[in-house]
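Notes for the one structure printed next.
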Amino acid sequence: MSDERDPSPYDALLLLSFGGPEGPDDVVPFLANVTRGRGIPEERLKEVGQHYFLFGGVSPINEQNRALLAALRADFAEHGLDLPVFWGNRNWAPYLTDTLRDMTLAGHRRIAVLTTSAYASYSGCRQYRENLADALAALAAEGLEPPRVDKLRHYFNDPGFVGPMADGVLTALEELDPRVRDGAHLAFTTHSIPTAAADTSGPVAGHGDGGAYVRQHLDVARLIVDAVREETGIEHPWRLVYQSRSGAPHIPWLEPDICDHLEELHDQGAPAAVMVPIGFVSDHMEVLYDLDTEATAKAAELGLPVRRSATVGADPRFATAVRELLLERAATERGSAVERCALGALGASYDLCPVGCCPARTPRPAAAGADTPL
């Protein structure tokens with residue numbers, strides 16, 4: 001097999017995602033999984049779950065992961081890459097531990113892992129690594145020999161991730177009235193997180209002032225602005241803003257919120273806005289509710305024309321990027337020199353999360369990092 005199609009030492013790929021309810025009866029148990037250990041009463045979970053109930057209790061994330069799974073399998077087959085692809089979730093079926101157990105019993109011993117989170121942060125990276133460590137420990141407790149898992153590097157600045165989002169912005173701009181299109185502001189949105197978590201995201205040397213989380217998002221936003229300018233000749237004004245805050249009011253989180261930002265744009269006389277959810281791989285619940293429902297309603301109240309651009313989802317270019325990331329990591333593990341593909345100012349990310357990267361408030365074991373015991 002040529003190096004271009006050689007996945008060794010890996011014998012499988014695991015798509016690891018957040019999970020979501022697939023019916024009204026799933027909502028409260030799902031939220032109980034998400035908030036386990038925080039002591040949140042069931043009545044409060046029912047209140048939080050109203051966003052899901054507006055959509056029949058179904059989060060689109062599982063269906064979108066099925067689409068991505070199919071896209072990955074199709075891309076692998078088309079390019080002669082003989083590697084099975086599995087899927088497991090942190091918080092809902094198919095559960096990560098169950099999927100890893102099935103993979104182990106099927107004989108898989110070296111597994112590459114793709115998470116549906118492109119950026120560095122505790123909740124977007126380290127927590128997935130902790131979940132992997134928990135699942136491997138559970139297999140060991142059952143008497144199974146756990147496989148080795150390697151998480152593929154952050155892909156926020158990969159052309160296969162950035163390109164589809166830039167095209168989505170162009171499409172959204174075309175949907176605006178031509179009279180307001182050229183002056184439209186681009187509001188790049190991502191999940192708000194506590195400022196303390198942002199400041200400690202990424203390697204220790206870069207901690208502070210939003211850490212890697214903010215820097216990576218700003219880099220992607222700049223790439224998209226440049227791509228739109230190259231296509232249209234227009235440099236649209238833009239800002240990185242946040243959504244989906246869920247923490248206690250007294251704890252500082254990243255701001256401004258998207259709805260507050262829309263009010264600011266209206267007050268400043270902006271003719272229109274495009275919301276660009278660069279922090280999300282697919283159109284899951286926080287995109288459907290926080291942007292398509294809540295923020296869109298705010299814009300209508302203000303009389304501000306607004307559109308929302310598409311996320312990457314199962315775009316074939318993203319599937320290609322995943323294949324290339326997998327083969328890049330495989331070649332690196334075999335000791336081969338590899339040219340790493342990345343756009344923007346930050347360059348390609350690291351294969352192993354460094355010691356001290358995106359720390360938890362309470363230290364816990366995490367797989368697939370420089371601090372993971374071999």
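The values are calculated or read from the model by the stated rules, or taken from the named source; none is laboratory data. Treat the numbers as computed from the prediction; the structure is a model and nothing was measured. Methodologically, a virtual Cβ is constructed for each residue, glycine included, from the backbone with ideal geometry; neighbour enumeration extends over all protein chains shown.
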**OP:** State yes or no: is GLU294 outside the structural domain of ARG222 (by TED's automatic domain parsing), surrounded by fewer than 20 Cβ atoms within 10 Å (Cβ to Cβ) and among the charged types (D, E, K, R)?
**Re:** no
**OP:** With respect to PRO84, determine if the residue is assigned by TED's automatic domain parsing to the domain that holds THR320, in contact (Cβ under 8 Å) with a residue 60 or more places away in the chain and surrounded by fewer than 18 Cβ atoms within 10 Å (Cβ to Cβ).
**Re:** yes
Subject >> Filtered residues of the stretch 203-218 (kept if among the β-branched types (Val, Ile, Thr) and surrounded by fewer than 19 Cβ atoms within 10 Å (Cβ to Cβ)) >> reply: VAL204
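Residues ALA367, ALA360: which one is crowded, with 18+ Cβ neighbours inside 10 Å, in contact (Cβ under 8 Å) with a residue 12 or more places away in the chain and assigned to a loop (DSSP other than H, G, I, E, B)? Even if it seems obvious, please write down each step before you answer.
Values: ALA360 fails: crowded, with 18+ Cβ neighbours inside 10 Å.
Of the residues listed, the single one that is crowded, with 18+ Cβ neighbours inside 10 Å, in contact (Cβ under 8 Å) with a residue 12 or more places away in the chain and assigned to a loop (DSSP other than H, G, I, E, B) is ALA367.
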**OP:** Could you give me the residue pairs with C-beta distances under 7 Å whose first residue belongs to the stretch 211-223 and is in the same structural domain as LEU170 (by TED's automatic domain parsing), whose second residue is in a helix (DSSP H, G or I) and at pLDDT 95 or above wherever it lies, and which are 6+ apart or on separate chains?
**Re:** GLY211/ALA198; GLY211/ASP199; ALA212/GLY206; TYR213/ALA198; VAL214/ALA198; VAL220/VAL162; LEU223/VAL162
Original post:
Which residue pairs have Cβ atoms closer than 6 Å, lie 6 or more positions apart in sequence or on different chains, and pair a first residue in the stretch 337-357 that is over 14 Å from HIS154 (Cα atoms) and outside the structural domain of ALA166 (by TED's automatic domain parsing) with a second residue that is surrounded by fewer than 18 Cβ atoms within 10 Å (Cβ to Cβ) and β-branched (Val, Ile, Thr)?
Top reply: VAL338/THR332; GLY356/VAL204
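Can you tell me which of ASP150, ASP158 is buried (at least 16 other Cβ atoms within 10 Å of the Cβ), over 22 Å from GLY356 (Cα atoms) and in contact with a Leu (Cβ under 9 Å, 6 or more places away or on another chain)? Reasoning before the result, please.
Working: ASP150 fails: over 22 Å from GLY356 (Cα atoms).
Step by step, each of ASP150, ASP158 is checked, and only ASP158 is buried (at least 16 other Cβ atoms within 10 Å of the Cβ), over 22 Å from GLY356 (Cα atoms) and in contact with a Leu (Cβ under 9 Å, 6 or more places away or on another chain).
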**OP:** Among the numbered conditions (1) under 30 Å from LEU100 (Cα atoms); (2) surrounded by 19 or more Cβ atoms within 10 Å (Cβ to Cβ), tell me where GLU145 comes up short.
**Re:** (2)
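Among the candidates CYS341, CYS358, single out the residue that is modelled with pLDDT of 95 or more and closer than 24 Å to LEU132 by Cβ.
On the way: CYS341 fails: closer than 24 Å to LEU132 by Cβ.
Going through CYS341, CYS358 in turn, the sole match is CYS358.
What helices (runs of 4 or more DSSP H) completely inside the stretch 1-97 contain at least 3 residues that are in contact with a Pro (Cβ under 9 Å, 6 or more places away or on another chain)?
The helices (runs of 4 or more DSSP H) meeting that bar are 27-34, 61-78.
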Subject >> Residues within the stretch 258-310 that are in contact with a helix residue (DSSP H, G or I) (Cβ under 8 Å, 6 or more places away or on another chain), assigned to a helix (DSSP H, G or I) and over 30 Å from THR115 (Cα atoms), tallied >> reply: 6
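Test ALA67 against the criterion of being touching a strand residue (DSSP E or B) at 6+ places or on another chain (Cβ under 9 Å) and modelled with pLDDT of 95 or more, and give yes or no. First the steps, then the outcome.
Values: touching a strand residue (DSSP E or B) at 6+ places or on another chain (Cβ under 9 Å): no; modelled with pLDDT of 95 or more: yes.
No: the conditions fail for ALA67.
Can you tell me which residues in the stretch 202-241 are of a type in the set (Val, Ile, Thr) and touching a strand residue (DSSP E or B) at 6+ places or on another chain (Cβ under 9 Å)? Show your work before the answer.
Start the filter on the stretch 202-241 by keeping residues that are of a type in the set (Val, Ile, Thr), which leaves 204, 214, 220, 224-225, 228, 232, 234, 241.
VAL214, VAL220, ILE224, VAL225, VAL228, VAL241, listed by residue number.
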